[in-house]
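Undergrad: Sending over a structure as structure tokens; questions will come in a sec.
The values are calculated or read from the model by the stated rules, or taken from the named source; none is laboratory data. Keep in mind it's a predicted model, so treat the numbers as computed, not measured. With ideal geometry, Cβ positions are generated from the backbone for all residues, glycine too; neighbour counts draw on all protein chains shown.
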Amino acid sequence: MKIDKAVGTSGLAVLECSHLVKSFGSRKAVNDISFQIDPGECYGMLGPNGAGKTTTISIACGLLQKDSGLVKVNGKELNHKSILPKRDIGYVPQDLALYPELSASDNLRFFGRLYGLSGRELEGRINETLETVGLIDRRDDRIESFSGGMKRRANIAAGLLHKPSLLVLDEPTVGVDPQSRNAILEAVQLLSNEGMAVLYTTHYMEEAERLCDRVGIIDKGQIVAEGTRRELVEQLGSLDRIRISVSGMHREGAEVLRKLDGVQEVIEIGDEIEVLIPQARLKLPSVIEALVENHLPLTSLEVVEPNLEAVFLALTGRELRD
Amino acid sequence: MTWLDFKRRIRDKSAIITSFIAPFVLASILGLAFGNAQTAGLVRVGIVITNPNATSISIVNSGLAEAALPAYITVKRFNSVSQINSGISNHTIDAGIIVPGDLGSKSSFTNLLKNIKNLYSTLFVQSSKLPDKYSIAVISSGSSSIPNQVAKGIAATIDSRIYTGLLVAATTEATSVNQTKSATTTTANSSNDFLSLSVQGAVTPLPFTLKSSDFGSGKNIIGYFAPSMAIVFLFIGAGMGARGIVAERSSGTLTRLAAAPVKSGAVVVGKILSILVLSLVSVFLLWGETAVIFGASWGNPLGVALLIVATTLAMCGLSIFLTSLAKTEQQAFSASAIVGFALALLGGNFFPPGSLPPWMQTISLMTPNGWALVGFGRLSQEGLGLSGVLGPIEVLGTIALIFGIASLLRIGRVVEL
Ligand SMILES: Nc1ncnc2c1ncn2[C@@H]1O[C@H](COP(=O)(O)OP(=O)(O)OP(=O)(O)O)[C@@H](O)[C@H]1O
Ligand SMILES: [Mg+2]
């Protein structure tokens with residue numbers, strides 16, 4: 001969490017999305033989404049699979065035609081036919097989007113030219129971006145020879161080349177080893193600290209918590225909550241979470257716990273039970289007692305501090321991760 | 001954009017095989033199967049008629065016409081035997097043919113007639129029975145046997161004209177003798193009549209041509225099969241390239257192109273250009289390779305160059321359009337393979353020139369490759385120049401225009417997400 005950074009001082013938003021709507025057939029993938037990102041701000045879009053993150057981003061980057069709504073980039077309207085406003089955006093697609101049979105530098109050269117870079121400036125930027133993502137020593141190796149994490153990093157480099165004022169990253173750490181993941185997060189943090197605005201989608205709440213100044217929680221095509229981590233967590237009020245495992249008997253366990261005094265909500269997640277309850281630590285003995293009385297085999301019990309995951313859970317009744 | 005796309009394609013092994021290796025290998029195999037590749041190469045033959053007269057000149061002319069020499073054999077006429085000899089020692093010609101001047105004169109035919117009449121009764125004509133003094137001499141430097149063989153072949157064709165004339169005359173005489181026997185009067189069996197009949201027979205072209213002899217006589221068959229195979233792989237190669245555009249959609253790079261500040265039209269044109277460039281390079285390279293390795297001649301260079309361009313545009317246009325109709329890469333692959341081979345079979349790409357039965361020739365002209373083959377056949381086999389292939393070029397150009405526009409429109413839609 002960065003609190004030492006001045007955000008939104010210029011007054012003009014880097015990205016402004018208002019009332020975006022997009023349907024695929026009868027399914028509303030994006031259903032009236034509005035948000036804005038200020039200069040230098042890192043905005044996290046947190047949501048489960050199929051929430052509409054990629055669709056929202058595709059509209060914001062002018063890849064996809066929207067049904068209605070408005071997108072403005074640095075004050076200029078952008079749609080799927082725009083050309084100039086796209087220069088301000090560095091887009092890093094969710095899926096790898098590089099030519100595997102070309103080297104990292106050839107790929108960057110290709111995409112750099114599309115953004116009007118050339119000559120010495122282009123070569124310089126290629127080296128700088130590869131440096132940023134930690135791939136400078138693999139500069140001339142083919143992408144197909146890269147590990148999954150390295151490919152992801154090269155994918156990010158391609159979005160950074162032209163020094164965009166807004167960097168858009170669509171779940172850049174999915175399926176990445178911890179080392180590469182850390183490298184990616186550090187690179188994004190660095191760029192953000194240097195003043196680049198970032199739109200970062202993820203379904204890992206730790207990433208959103210670590211990187212983002214502000215988070216929008218998205219579910220079923222709508223932003224269900226938005227704010228800083230603190231603001232969001234405060235929405236939970238004074239509720240705590242207790243996570244309980246009763247091997248194989250979570251259904252029965254949930255039944256018992258629902259009847260317990262003070263319990264606000266009981267949610268079954270896989271084999272586990274989550275209990276939302278005020279002042280969890282004080283209530284622990286009665287929780288354990290109730291389970292033991294009903295001959296439920298308690299195998300683990302944990303009090304979870306409020307975090308974005310808890311916010312999501314409270315708002316949607318579901319977990320972020322499947 | 002085009003260049004990087006091109007670079008990308010030539011790093012793809014299957015593109016290399018399809019565009020560069022396969023057409024060369026197949027053209028070589030077919031060329032070796034149907035022709036005698038070893039006789040290929042530029043052969044210059046000199047010919048002289050000692051003391052020529054009208055009859056001997058017309059016999060030689062009709063003999064040369066009958067030989068239907070391929071483009072890589074050139075025949076030059078000389079005025080004296082010494083000119084032929086110096087030509088061979090200067091290496092301005094590779095072999096010489098000396099035709100005796102009294103060929104076709106009364107005495108030569110009368111002498112021959114004695115032999116022929118005997119032979120005719122047994123219906124056998126053998127060149128070894130020719131009196132020596134009438135045989136046509138062939139000279140060559142001796143170091144290279146191919147020009148010598150070619151010159152011998154030409155001499156034999158001229159020889160055969162004389163025999164043909166004699167046979168015609170003898171047949172006419174024999175028939176008229178049978179007819180007049182019953183009619184008591186004797187026809188003026190003068191040798192003058194027989195001579196004029198013989199000469200007439202010798203200079204009249206045969207009412208039929210022996211197609212099969214085209215191959216044995218070292219026709220320029222690779223010069224035909226090379227462009228023929230190039231056409232087939234043009235289609236398949238362009239299909240692969242266009243499939244790459246469909247693939248970019250699934251691989252995600254197309255989204256990156258869509259995110260870039262460029263018009264989607266520029267993206268499409270860049271990609272199509274890279275397909276065309278690779279196709280053109282592959283055909284021109286094959287032209288060079290077959291010329292260097294096999295000495296094959298594709299014919300008039302300007303005609304070949306223009307026909308290559310027209311053919312490439314037409315085949316690529318059709319192939320790209322077909323691919324753009326496909327919804328998936330797999331579909332695109334099957335479509336271009338099936339249509340490619342159907343076109344190759346119908347157009348006659350796997351058959352030697354002129355070997356298609358008439359009904360198949362008609363069908364082949366419904367395919368662009370059929371038209372291209374007509375053009376390449378005219379250039380390499382008939383030795384025609386640019387004017388001889390303007391028709392096919394026009395047809396191919398029209399096909400290219402129609403499918404080029406159609407595929408631009410289609411692919412434009414594929415690129416838009
Ligand atoms: N091209 C499309 N055609 C039809 N439906 C689509 C298309 N793209 C997305 N959808 C649907 O729209 C909804 C939102 O999808 P989207 O890709 O935006 O989700 P996401 O939040 O990015 O999910 P994930 O975390 O899995 O990437 C999903 O229900 C998806 O099935
Ligand atoms: Mg997504």
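Undergrad: Taking the criterion of being touching a His at 6+ places or on another chain (Cβ under 6 Å), more than 14 Å from chain B (Cβ to nearest Cβ), in a loop (DSSP other than H, G, I, E, B) and within 12 Å of ligand 2 (Cβ to nearest atom), would at least one residue in the stretch A:39-49 satisfy it?
TA: Within the stretch A:39-49 (the criterion being touching a His at 6+ places or on another chain (Cβ under 6 Å), more than 14 Å from chain B (Cβ to nearest Cβ), in a loop (DSSP other than H, G, I, E, B) and within 12 Å of ligand 2 (Cβ to nearest atom)), the answer is yes, since at least one residue qualifies.
Undergrad: Do we have any residue at all in the stretch A:289-300 that's of a type in the set (Gly, Ala, Ser), under 28 Å from A:Tyr204 (Cβ atoms), touching a residue at least 12 places away in the same chain (Cβ under 8 Å) and surrounded by fewer than 20 Cβ atoms within 10 Å (Cβ to Cβ)?
TA: Yes; the residues of the stretch A:289-300 include at least one that is of a type in the set (Gly, Ala, Ser), under 28 Å from A:Tyr204 (Cβ atoms), touching a residue at least 12 places away in the same chain (Cβ under 8 Å) and surrounded by fewer than 20 Cβ atoms within 10 Å (Cβ to Cβ).
Undergrad: Is it the case, given these coordinates, that A:Ile89 is more than 14 Å from chain B (Cβ to nearest Cβ) and within 24 Å of A:Gly195 (Cα to Cα)?
TA: On the way: more than 14 Å from chain B (Cβ to nearest Cβ): no; within 24 Å of A:Gly195 (Cα to Cα): yes.
The answer is no for A:Ile89.
Undergrad: Please count how many residues of the stretch A:93-104 are more than 9 Å from chain B (Cβ to nearest Cβ) and crowded, with 22+ Cβ neighbours inside 10 Å.
TA: Qualifying residue count for the region: 1.
Undergrad: Of all residues being in contact (Cβ under 8 Å) with a residue 40 or more places away in the chain and within 16 Å of ligand 2 (Cβ to nearest atom) in the stretch A:56-72, which is farthest from A:Asn193 (Cα to Cα)? Just the residue, please.
TA: A:Leu64
Undergrad: Of all residues in the stretch A:73-86, count the ones that are touching a residue at least 40 places away in the same chain (Cβ under 8 Å) and within 12 Å of another protein chain (Cβ to nearest Cβ).
TA: So the answer is 1.
Undergrad: Could you tell me whether the stretch B:283-306 includes any residue that is within 14 Å of B:Ala238 (Cβ to Cβ) and assigned to a helix (DSSP H, G or I)?
TA: Yes, the stretch B:283-306 has at least one match.
Undergrad: Could you identify the single residue in A:Leu130, A:Leu166, A:Leu160, A:Leu191 that is more than 22 Å from A:Cys42 (Cβ to Cβ) and surrounded by 16 or more Cβ atoms within 10 Å (Cβ to Cβ)?
TA: A:Leu130
Undergrad: Let me ask something else about it. Restricting attention to the stretch A:14-38, and to residues there that are aliphatic (A, V, I, L, M) and within 16 Å of ligand 2 (Cβ to nearest atom), which single residue is surrounded by the most Cβ atoms within 10 Å (Cβ to Cβ)?
TA: Initial filter on the stretch A:14-38 (aliphatic (A, V, I, L, M)): A:14-15, A:20-21, A:29-30, A:33, A:37.
From the residues that got through so far, the ones that are within 16 Å of ligand 2 (Cβ to nearest atom) too are A:20, A:29-30, A:33.
Numbers: A:Leu20: 23, A:Ala29: 22, A:Val30: 29, A:Ile33: 23.
Applying the filter and picking the extreme gives A:Val30.
Undergrad: Looking at the structure I just gave you, is B:Ala337 in contact (Cβ under 8 Å) with a residue 24 or more places away in the chain, closer than 19 Å to B:Ala22 by Cβ and assigned by TED's automatic domain parsing to the domain that holds B:Met360?
TA: Answer is yes for this residue.
Undergrad: When residues of the stretch A:20-59 are filtered for being within 7 Å of ligand 1 (Cβ to nearest atom) and out of contact with any helix residue (DSSP H, G or I) (no Cβ under 7 Å at 6 or more places or on another chain), how many remain?
TA: Final tally of qualifying residues: 12.
Undergrad: Could you identify the single residue in B:Gly295, B:Gly244 that is under 38 Å from the mean Cα position of the chain (by Cα) and within 12 Å of another protein chain (Cβ to nearest Cβ)?
TA: B:Gly244
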